[in-house]
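Each remark here refers to the structure printed beneath this line.
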Amino acid sequence: MKIAITGVAGFVGSNLAKKLLSEGHQVYGIDNFSFGNKGNIAPFINNKNFSFYERDARLYDSFKDIKADVWVHLASQKIPRYSSSFYTLNDNNQMTDNLIKKCLEDKSKLVFASTSDVYGKNTELPFNEESNLVMGPTNVKRWAYSVSKMFSEHKIIANHDELGLDYTIMRFFGSYGPNQNTTWWGGPQAVFIQNILEGKTIEIHGNGLQTRTFTFIEDTVQGIEKCIFHPDSLNDVFNIANEPNEEITIKELGLLIWELMKGNRNNPDMKLIPYETFGKYEDVMRRVPDITKIKTKLGFEPKWKMADGLRKTIEWQTELYKKS
């Protein structure tokens, strides 16, 4: 199959491309390296089935000469804590518009990367695909990312209803693993590992009691492939996540990483950073997935426990640090 990936040099994109190429698919990758890393695609840049285009997904002309059966849209601006609400809203909207137009023109399927962040402040756990999406106030820019993804979901479904667009929407829950960004862009686990490698204090935002359910990248890629290839994925929405019993507090995450890297939990070098440091900011206190739908409809089964995935991630990030 011919599969195009936006954000191919990013964390998820590079892992997905590697897996698809290993299975003999033709992969077209687009990235402008605003957040992607050339090193992530170096292992397969010369693969005869891989074509790379250094282009900007915000520009429709970036896609004009690429024909694919499926477009996997991973390129994105993230939570404005790391950028700005202006670029988060405008860039994400523009890229989605471009991909919808391209898929309608070519009669391709659009596989769209949304986020568990769309569940927002909903306190009814666990989150399933029919759960309410509860946002905070518009004067808290933290919610711009969630809203941009929610709007993209609405737009994709509306284009299916009106114009026949084929799609699958994926809501990721905290992916981590090799090729992750080693800054806050990559998530708390990436920063905690990097802090320890550099001999710095682990900084935990808020009181550290907020929880997440993290997904090792191999399980995320398994879920994406189910959404690409499984016939029952068509025109539907799926959580891609680890089992809900893998929920962990951010403080416990820091302690677990300290233990895995130091061999014990004695005197961990950690401190709490108040949310006020980030201005007017709101966090989600618990994020727990319900993955019944993707398991029953598509046969998805997460294979990685948190500790095992972290060991692999620490090994990779340690080697990267040694080379820097």
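Annotations
- Residues of the range 250-297 satisfying the condition of being among the charged types (D, E, K, R) and not in a loop (DSSP other than H, G, I, E, B): K251, E252, E259, K262, K271, E276, K293, K295, K297
- Residue in the range 94-105 that is crowded, with 21+ Cβ neighbours inside 10 Å, at pLDDT 95 or above, among the hydroxyl-bearing types (S, T, Y) and in a helix (DSSP H, G or I) present: yes
- Unmet requirement for S76, which otherwise passes all of (1) assigned to a loop (DSSP other than H, G, I, E, B); (2) in contact with a Phe, Trp or Tyr (Cβ under 6 Å, 6 or more places away or on another chain); (3) not β-branched (V, I, T): (2)
- Scanning the range 47-93 for residues that are in contact with a Leu (Cβ under 6 Å, 6 or more places away or on another chain) and surrounded by fewer than 19 Cβ atoms within 10 Å (Cβ to Cβ) yields a total of 2.
- Matching residues in the range 172-222 - criterion: being in a strand (DSSP E or B) and either of a type in the set (S, T, Y) or closer than 19 Å to L74 by Cβ (or both): F172, S175, Y176, T211, T215, F216
- Of all the numbered requirements in (1) over 28 Å from E225 (Cβ atoms); (2) out of contact with any helix residue (DSSP H, G or I) (no Cβ under 6 Å at 6 or more places or on another chain), G309 misses one, and that requirement is (1).
- G177 being at positive phi, crowded, with 22+ Cβ neighbours inside 10 Å and out of contact with any Leu (no Cβ under 6 Å at 6 or more places or on another chain): yes
- The single condition among (1) outside any loop (DSSP other than H, G, I, E, B); (2) touching a residue at least 24 places away in the same chain (Cβ under 8 Å); (3) of a type outside the set (D, E); (4) within 24 Å of S116 (Cα to Cα) that F300 does not meet is (1).
- Residue pairs meeting the criteria (Cβ under 7 Å; at least 6 apart or on separate chains; first closer than 27 Å to S233 by Cα, in the range 266-294; second surrounded by 13 or more Cβ atoms within 10 Å (Cβ to Cβ) and among the aliphatic types (A, V, I, L, M)): V288/L125; P289/A241; I291/A241; I294/I240
- Every pair of residues 6+ apart whose Cβ atoms lie under 9 Å, when the first sits in the range 239-253 and is within 17 Å of T115 (Cα to Cα) while the second is among the charged types (D, E, K, R) and assigned to a strand (DSSP E or B): N239/R171; I240/R171; A241/R171; E247/R212
- Selection within the range 1-42 - in a helix (DSSP H, G or I) and touching a helix residue (DSSP H, G or I) at 6+ places or on another chain (Cβ under 7 Å): F11, V12, S14, N15, L16, A17, K18, K19, L21, N40, I41
- Exactly one residue out of F35, F44 is surrounded by 16 or more Cβ atoms within 10 Å (Cβ to Cβ) and at pLDDT 95 or above, and it is F44.
- Scanning the range 311-324 for residues that are part of a helix (DSSP H, G or I) and either out of contact with any Phe, Trp or Tyr (no Cβ under 8 Å at 6 or more places or on another chain) or among the basic types (K, R) (or both) yields R311, K312, I314, E315, W316, Q317, T318, E319, L320, Y321, K322, K323.
- Which listed residue is crowded, with 22+ Cβ neighbours inside 10 Å and either of a type in the set (A, V, I, L, M, F, W, C) or farther than 27 Å from P80 by Cα (or both), from I273, I228, I224, I248: I224
- Some residue of the range 45-67 being in a helix (DSSP H, G or I) and under 19 Å from the mean Cα position of the chain (by Cα): no
- Any hit, the range 199-208, residues being of a type in the set (S, T, N, Q) and closer than 26 Å to K322 by Cβ: yes
- Among the residues of the range 160-171, those that are part of a helix (DSSP H, G or I) and either in contact with a His (Cβ under 6 Å, 6 or more places away or on another chain) or more than 15 Å from S114 (Cβ to Cβ) (or both) comprise D161, E162, L163.
The values are calculated or read from the model by the stated rules, or taken from the named source; none is laboratory data. The shown structure was predicted, so the numbers you read here are calculated from the model rather than taken from an experiment. Using ideal geometry, Cβ is built from the backbone for each residue, glycine included, and neighbour counts are taken over all protein chains shown.
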